[in-house]
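Reviewing the structure listed below.
What follows draws every value from the coordinates through simple rules; no lab data is involved. Everything quoted here is computed from the prediction, not taken from an experiment. Cβ: placed from backbone, ideal geometry, glycine included. Neighbour counts: every protein chain shown.
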């Protein structure tokens with residue numbers, strides 16, 4: 001009965017611990033996963049260290065305790081290093097990395113420990129059982145080897161090392177598991193020794209599956225379920241910890257002066273009833289659930305859709321009254337809501353933080369301007385997270401509308417705009433997008449304004465660039481969404497008119513979550529399938545036309561970084577020019593990661609971006625602000641600058657509309673302008689912005705063919721990598 005309660009407690013602890021990962025927001029799972037692994041491995045290593053210290057007087061007789069402690073401490077250190085790479089630096093780890101060194105070194109101690117224990121038992125296992133285990137393990141490893149080899153790129157050092165490291169973990173885990181099974185069979189009649197070994201064996205089985213989870217990912221394409229691997233790995237540490245707890249309870253000789261012994265004795269004297277135990281478990285569960293919910297809220301900005309409400313609580317049509325403390329007179333302020341939908345997370349999150357800062361600066365500058373003009377109008381910025389997805393963008397616009405937003409800056413991507421557009425048209429909400437460019441959204445009479453030209457212009461500019469540089473054949477790789485498909489069509493159309501040839505290329509299905517942009521090794525393996533095909537097509541083109549006449553054209557969001565890193569392993573891809581899109585230019589993840597930066601330099605990776613007025617004093621203020629606040633870079637400066645202008649236009653339009661409505665009420669004969677017309681006129685007359693003169697076409701999109709091409713270069717003095725445009729002195733490491 002005691003053993004049953006023990007296993008229930010272990011299962012309960014694992015379930016509660018893993019709920020933190022399960023209930024976390026998809027884009028936050030990587031943070032919670034690393035924290036859980038660090039904490040759980042620390043618990044296991046701490047218990048092993050405590051047992052070692054309890055038996056330090058008989059080191060020779062308990063060599064296995066020393067080996068277990070070293071192994072678990074090494075795993076703990078490795079988890080810290082992984083977290084440092086993934087969460088703190090957000091860069092790709094070397095292959096092999098220091099974390100691999102500690103992880104693989106731990107296996108040496110753990111396997112040696114099991115061999116010592118196995119030898120002490122002198123148990124002769126049945127040959128049939130042994131053969132069965134070896135055959136099953138061999139089949140499993142053969143399958144993993146075949147699957148990995150099929151996807152791996154082993155023609156260079158990095159690819160070979162990635163393959164070896166990927167195979168090493170399930171192989172070593174399988175050895176641990178076989179040894180644990182043989183030990184378990186040898187002590188099956190010893191209850192107090194059996195239970196810890198059951199825990200350890202199940203723990204080893206968990207990491208066998210956890211470290212081989214990529215096989216399921218590859219076969220099912222459930223790429224967003226990578227976090228399940230962390231559940232198994234974290235459970236493994238808690239299972240080992242559970243076994244160590246049992247060992248401490250029944251196999252260690254306690255002294256009355258031991259602190260742990262005193263605590264245990266005091267608890268045993270109280271003899272809590274089943275009701276008390278049940279109540280305690282319930283309370284702990286509620287606390288943990290609440291902690292997860294609250295931490296999720298903070299992580300997402302205070303709500304399910306990351307609504308960040310600043311300053312006063314805002315309601316629709318609110319007019320707030322304030323009392324002037326100096327003379328006791330009432331000052332009536334007209335409060336307006338300006339909504340903003342920003343990709344704080346997801347596959348276009350590289351522009352999220354910088355756009356937020358730009359909008360906050362715009363809010364501050366706008367309110368100072370109206371205060372200086374002795375106007376009663378004040379403007380409150382309310383931001384929502386689109387998560388770079390269509391579904392969350394629609395929910396975001398509904399949330400902002402409920403808070404009184406009649407005009408919204410954003411969404412950023414064409415897919416997000418497309419999902420929110422119908423709701424905006426139906427509810428008379430104006431959208432001013434600062435980065436959406438799909439020609440399919442260029443429609444007259446709708447409520448969408450876009451302060452960037454559509455991709456008819458961009459496609460022409462890219463095609464002209466390729467032709468001018470002597471490219472005769474292009475192999476494309478593009479996102480299969482409303483943005484990628486239309487930019488591909490536009491570029492293909494213009495390029496073929498100029499006499500070039502666009503090959504069939506790779507149209508990939510974009511994933512919206514964190515995994516698609518992550519620098520996890522499994523993500524690199526996942527891209528190999530598409531990159532192998534791309535390399536093959538490029539290789540054939542090189543044979544026909546020569547490397548100088550072949551180019552790769554890629555359209556992507558933040559997944560560009562793992563694509564570039566992995567592309568460096570393919571000979572043909574690394575020997576032709578690469579061209580990208582406006583969604584890639586100035587992406588700070590590329591310049592943060594050495595492999596992607598070097599590949600971008602080697603391939604002369606050129607990316608067009610709508611040209612803004614770099615002579616404006618305010619844009620340099622914004623650049624300084626971003627460099628001060630975002631030490632790791634903030635993505636494109638162009639989109640934040642346009643978002644800044646969008647907030648100004650929104651605020652000025654709301655003020656003008658309010659004045660226009662008042663005049664209309666007092667003068668029945670006047671012709672009241674629609675809010676849409678006011679926004680149009682305000683945008684074209686706006687002269688306080690960062691992005692230059694604004695001219696809109698009938699669809700409400702910006703007109704212009706002024707694009708800069710951005711490329712990566714190495715800073716001559718500092719040595720880090722930066723984005724630099726050919727036509728301007730503006731340089732950024734964002």
Extension gain residue 624-residue 194, at 0.36 nm per residue separation less the Cα-Cα distance, in nm?
148.5 nm
Taking neighbour counts of Cβ atoms within 10 Å as a proxy for exposure, in what order, fewest first, do 569, 373 appear?
373, 569
Estimated FRET transfer efficiency when R0 is 60 angstrom, pair residue 116-residue 543 (beta carbons, to 0.05)
0.55
On full extension of the chain, what length is gained from residue 364 through residue 706, given 0.36 nm per residue of separation minus the C-alpha to C-alpha distance?
120.2 nm
I'd like the FRET efficiency for residue 498 and residue 391, computed as 1/(1 + (r/R0)^6) with the beta carbon distance as r and R0 of 35 Å, rounded to 0.05.
0.35
Per 0.36 nm of contour for each residue apart, how much would the distance between residue 50 and residue 693 grow if the chain were fully extended, relative to their Cα-Cα spacing?
224.5 nm
If R0 = 41 Å, then residue 9 and residue 105, at their Cβ-Cβ distance, give a FRET efficiency to the nearest 0.05 of 0.80
Taking the beta-carbon count within 10 Å as an exposure proxy, list 521, 450 from fewest neighbours to most.
521, 450
So how do 426, 69, 413 line up by other beta-carbon neighbours within 10 Å, fewest first?
426, 69, 413
So, in nm, how far is label residue 602 from label residue 720 when the simple model puts each one 7 Å beyond its Cα toward the Cβ?
2.4 nm
Rounded to one decimal in nm, the spacing of the 7 Å Cα→Cβ label points at residue 145 and residue 124 is 3.1 nm
